[in-house]
Each structure stands twice: as structure tokens, then as C-alpha cells.
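The values are calculated or read from the model by the stated rules, or taken from the named source; none is laboratory data. On a predicted model such as this, the values are computed, not experimentally measured, just so you know. Positions of Cβ are generated from backbone atoms using ideal geometry, with glycine treated the same way; all protein chains shown enter the neighbour counts. Surface areas here come from the heavy atoms of the whole protein model, side chains and all, with no ligands, DNA or RNA. Shrake-Rupley method; radii C 1.70, N 1.55, O 1.52, S 1.80 Å.
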Amino acid sequence: LQGDWSSDVCSSDLRMNGTLNLTFSERSATGWTVRSSGELTLNRAVHRPNATAVVSFAGGVRTARVTVNGSGTGPRGTAYTTAGSYTSTWDGTCLGVDGTVAVTANAQTLTVTVSNWRRCRGACPEAGGSLALSAPGGTATIAYSGGPTATVTGPRGRSGTLALFCGG
């Protein structure tokens, strides 16, 4: 995919151009592999994606095991890298995500970890799932309760309730 794309999102100019290469393996009886590479410019930031997704299916469940190793330069010239892996599942009704991806810039790392997150069509995320953002200053987490709220805990241990826009 090559080209220039532009959009007016919320009265803010969004301009993207570049090349995104997607390579698909031949589909086998159990799945396929997708690899991405290229260089995309979003306004003044440049991202060089490098990811591989191994997609498999068994019964009615599709599973994508994704490995991410990208790099880029932010709008102010700061170089960054992305690295990690995650697994997503889709059964036609519910999406599940589990994994960790880290972004490093200026010798500082932000790590995003999703654990046991699952959301079904028309429902709120299931109980037991969580999202954690870890940086040098500590970790903030969102713990899902299975209903229209989640508990947010900051790096100093303070907690609060987050309203979710979902059914259930």
C-alpha cells in the first residue's frame, strides 16, 4: 500500500503518507502469516513498522500471535523503538487480548501490558482482565470488573472508579 492520505479529524489536520508493505503467506489448513514493514509519516512523525502475525484457526476461533519490533522518530526528532508480543483471539463474538509491548525513547521505557482482557459483542470487558502502563515513575493499572466500571490504581496506590462506555 502506497500513497498519501489526509483527513480533517475534529478540526485538526491529519496527514499521513508513505509505504506500508504487507506480505501474506499462502493460507494453509491451519492458518497463515502476515508481515508488515515500510515507512509511514503521520504529520511530522515517522514510523517504521516491523511486525509479524501468525494467524491460526481451530474450530470457530482465530488466534493471532503478533511480534512487534518497530522504530521511528517523533515530531520533535526523538528516536524511539517498539518491541513486544501479544496474542489476540476472536471467536466471532468475543475478542481477547494478552501481551506486552514496550516503547523506548530517550533511555526511558513505557510498557503496556494487557492481561486476560476479553470483551464480547454488546457487553463490557469481562471481570479479571487488566491493563497496566509502566514507566520509570511507577505503574498505573485498570482492573475490569465485568460491568460498566473499572478500578484505576495509580503509581502511588490511589484508586478510583472509571466509567466505561459499554453494555452490561
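General observations
- Rounded accessible area of Leu14 (nearest 10 Å², 1.4 Å probe): 70 Å²
- Extending 7 Å from the Cα toward the beta-carbon at both Thr81 and Ala140 defines two label points whose distance is 2.6 nm.
- Under Karplus coefficients 6.51, -1.76 and 1.60, residue-wise ³J(HN,Hα) of the range 144-149 in Hz, glycine/proline x: 8, 9, x, x, x, 9
- Its relative contact order, with pairs defined as Cα atoms under 8 Å and 6+ residues apart, puts the range 20-61 at 36 percent.
- Approximate spin-label separation Phe57-Ala123, in nm, with each point projected 7 Å along Cα-to-Cβ: 2.3 nm
- Rough spin-label spacing in nm, given labels placed 7 Å along Cα→Cβ, for Val152 and Ala45: 2.0 nm
- Taking Cβ atoms as reference points and 13 Å as the exclusive limit, the residues near Ser88 contribute a net charge of +2, counting Lys and Arg as +1 and Asp and Glu as -1.
- Mean projection area, nm², convex hull over Cα of the chain: 11.9 nm²
- Solvent-accessible surface of the chain, averaged per residue with a 1.4 angstrom probe and all protein chains in place: 62 square angstrom.
- For the chain, the relative contact order is 10 percent, taking Cα pairs closer than 8 Å that sit 6 or more residues apart in sequence and dividing their mean separation by the residue count.
- Under a model in which nothing but the beta-carbon of Lys, Arg (+1) and Asp, Glu (-1) is charged, the chain shows a dipole of about 260 debye around its Cα centre.
- Local electrostatic count at Ala140 - Lys and Arg +1, Asp and Glu -1, tallied over other residues with Cβ under 15 Å: +2
- Accessible surface of the range 21-113, 1.4 Å probe, proportion on carbon and sulfur as whole %: 56 percent
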